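The values are calculated or read from the model by the stated rules, or taken from the named source; none is laboratory data. This one's a predicted model, so the numbers in the text were calculated from it and none came from an experiment. Here Cβ is always computed from backbone atoms with ideal geometry, including for glycine, and neighbour counts include all displayed protein chains. The protein model used for the area step is the full one, side chains on, heavy atoms only, and it has no ligands, DNA or RNA in it. Shrake-Rupley method; radii C 1.70, N 1.55, O 1.52, S 1.80 Å.
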Amino acid sequence: QTSVHDRVETRLSNTYKEAAISITITTLTDVLAFYIGLMTPFRSVRSFCLYTSTSILFCYIYSITFFGAFLVLNGRRENSNKHWLTCKEVPEECPVGQSKWYELCCVGGAYDPHTGTEEVQPMNHFFKKYYGPFLTKSWTKVFVIVLYCIYLIISIYGCFQIQEGIDLRNLAADDSYVVKYYDNEKAYFSEYGPNIMVVIRREFPYWDEKYMSDLETCIEDFKNLSFIEKDIFTSWIKSYKYYGYHTKLNLSTEDVFKDNLDRFLRFYSDFKQDVNFTNNSIYASRFFIQTVNISTALDEMNMLNKLRETAQKCPVPLLVYHPAFIYHDQYAVIVSNTIQNIAVTTAVMLLISLLLIPNPLCSLWVTFSIASVIVGVTGFMALWDVNLDTISMIILVVCIGFSVDFSAHISYAFVSNKKPSANEKAVEALFNLGYPILQGAVSTILGVVVLSASKNYIFRTFFKIMFLVIFFGLFHGLTFIPVFLTFFDICSGTPAKNTSGPEEQAMRNHTNNIQVNSKDCELKEREIYDNHNFQPDDHRICQSQPCPAIWMITGNNHNHVQDNHMCVASTIPMFRVD
């Protein structure tokens, strides 16, 4: 967007002036979002956040160093009018008789001679001439508000439908035999849950009737739980006592108990792994209880909590364990950790926005956009059959970082441009950044869309959540945020004070006396805007009147025209050129 005839240093400084703040905002928010993810107790999430934040940080460093250096080299090539591929000088105008292909490939690049910048892309014109004006119409704003309310209602409903926990079959590929195993287990053995190991963690006097009475009480407490099958109980100590009864052994004395334990374990080898009997001491042992009717993640969470509470109350030092507990453990902290990460990160996003966006209210809109996207992603994630687990938690952290990008760019462009009204600021922001934001969103979705066909649940989940993040972020950046910003004039800045000079004041007073039809005036303004021609101050204009050093716009007011040029006194000053 800089002038192609400016010095390379000037072009680069103008480029960084416009772009550096925006990419600094988004880099800081992304990096901090991921570093905040290090607070989670899940090591897999911490590893992911550490690697991702560091890679984004290096990407930012390369963007403001290496990429700028390549822009300089390319700008010098342009100044020398050298070919983009061969770096040999090429003609500025296409020689007569050459084909269109020759003009495209072997002639200097085209630019807009009026502005001195690269030709505006058709999509930019679409945002300025069609989409922006359409979006700022009153009835369109009402429709956008209604659409946002529908989006919010569906999202909140989805948040209440979200399921916690990961299905173990989802950790394997779709065509793995593990999936069939878990499917068959669910189909034919769903009545029975995990067989829970209850460990006596330290040395314990199994021969002492008083201590054994305490242990028996604890076992009864476990059996009385609603999800425990009382008749399925596996215990080496129970079998050992039965063995002692039939062999006439007095197991209430320590020596007899220990002397015969080895023989018992040889005869009943199934219990060998249940007792750590070393150097004539029992360091630990275990027994098993059977759970039933554990079918949902909520059942698993309740089972885990009840078992641990029962073990905690027992005077005997007990530990409950099952290999699946590594997955059930996340239920206790997944929701609280997700909410904590989202809340802390959103607060940090607000702080960064306040520091870097020169308007507090617009910073609040950026934070609002982050929260809105997170609610939408969480709600629609649940409706798309994605559970809240460590996998989706990782990608939700990504969501926080990426969701700020769209709204931060648009908000900064809105408050930093010089248009007088909020609607014009919104159109100008969409004109400058609408197409780049659209490009970024589409390229990101294209980058992850291949994962949608994966046989692995983790990759498909990554695609689903990333798609929702980018889609909702894009919709907020190009639709919701521009409309919401126009409702608050404070975001468009304070009205400019009257600092015009005497010539401009005289012209303004003169034009106030001209009474024209409002519709004709609007058509003329549009004609002037679309078909303007600039005349330099050394051109001969209205010989009978002095002319200040102002470039004027030619018009068709025949009452004040001499030699097809408009007199200064009859002209409304559109802008002045220093």
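Among the residues of this structure, Ala371 does not count as one that is open to solvent by 20 Å² or more (accessible area, probe 1.4 Å), within 28 Å of Ile154 (Cβ to Cβ), assigned to a helix (DSSP H, G or I) and free of Cβ contacts under 8 Å to residues at least 12 places away in the same chain. Among the numbered conditions (1) of a type in the set (Val, Ile, Thr); (2) under 21 Å from Leu261 (Cα atoms); (3) assigned to a helix (DSSP H, G or I), the only one that Thr217 does not meet is (2). Every residue in the range 129-138 that is over 12 Å from Val483 (Cβ atoms) and either open to solvent by 90 Å² or more (accessible area, probe 1.4 Å) or among the basic types (Lys, Arg) (or both), please. Result: Lys129, Tyr130. Considering only the range 234-283, state which residues are touching a Lys or Arg at 6+ places or on another chain (Cβ under 7 Å) and open to solvent by 40 Å² or more (accessible area, probe 1.4 Å). Result: Asn280, single match. Do we find a residue being open to solvent by less than 60 Å² (accessible area, probe 1.4 Å), touching a Ser or Thr at 6+ places or on another chain (Cβ under 7 Å) and of a type in the set (Gly, Ala, Ser) anywhere in the range 56-68? Looking through the range 56-68, none of the residues is open to solvent by less than 60 Å² (accessible area, probe 1.4 Å), touching a Ser or Thr at 6+ places or on another chain (Cβ under 7 Å) and of a type in the set (Gly, Ala, Ser). The set of residues in the range 69-100 that are open to solvent by 60 Å² or more (accessible area, probe 1.4 Å) and among the hydrophobic types (A, V, I, L, M, F, W, C) comprises Phe70, Leu71, Leu73, Trp84, Leu85, Cys87, Val96. Checking each residue in the range 426-455 for being out of contact with any helix residue (DSSP H, G or I) (no Cβ under 6 Å at 6 or more places or on another chain), more than 25 Å from Thr140 (Cα to Cα) and either open to solvent by less than 50 Å² (accessible area, probe 1.4 Å) or not hydrophobic (A, V, I, L, M, F, W, C) (or both) picks out Gly440, Ser443, Gly447, Lys455. Checked against (1) open to solvent by 60 Å² or more (accessible area, probe 1.4 Å); (2) among the hydrophobic types (A, V, I, L, M, F, W, C); (3) part of a helix (DSSP H, G or I), Val120 passes all but condition (3).
Would you check if there is a residue in the range 163-178 being open to solvent by 60 Å² or more (accessible area, probe 1.4 Å), in contact with a Ser or Thr (Cβ under 7 Å, 6 or more places away or on another chain) and without any contact (Cβ under 8 Å) to a residue 24 or more places away in the chain? No. If I filter the range 438-452 for residues that are closer than 23 Å to Thr2 by Cβ and not aliphatic (A, V, I, L, M), do I get at least one hit? Yes, the conditions are met somewhere in the range 438-452.
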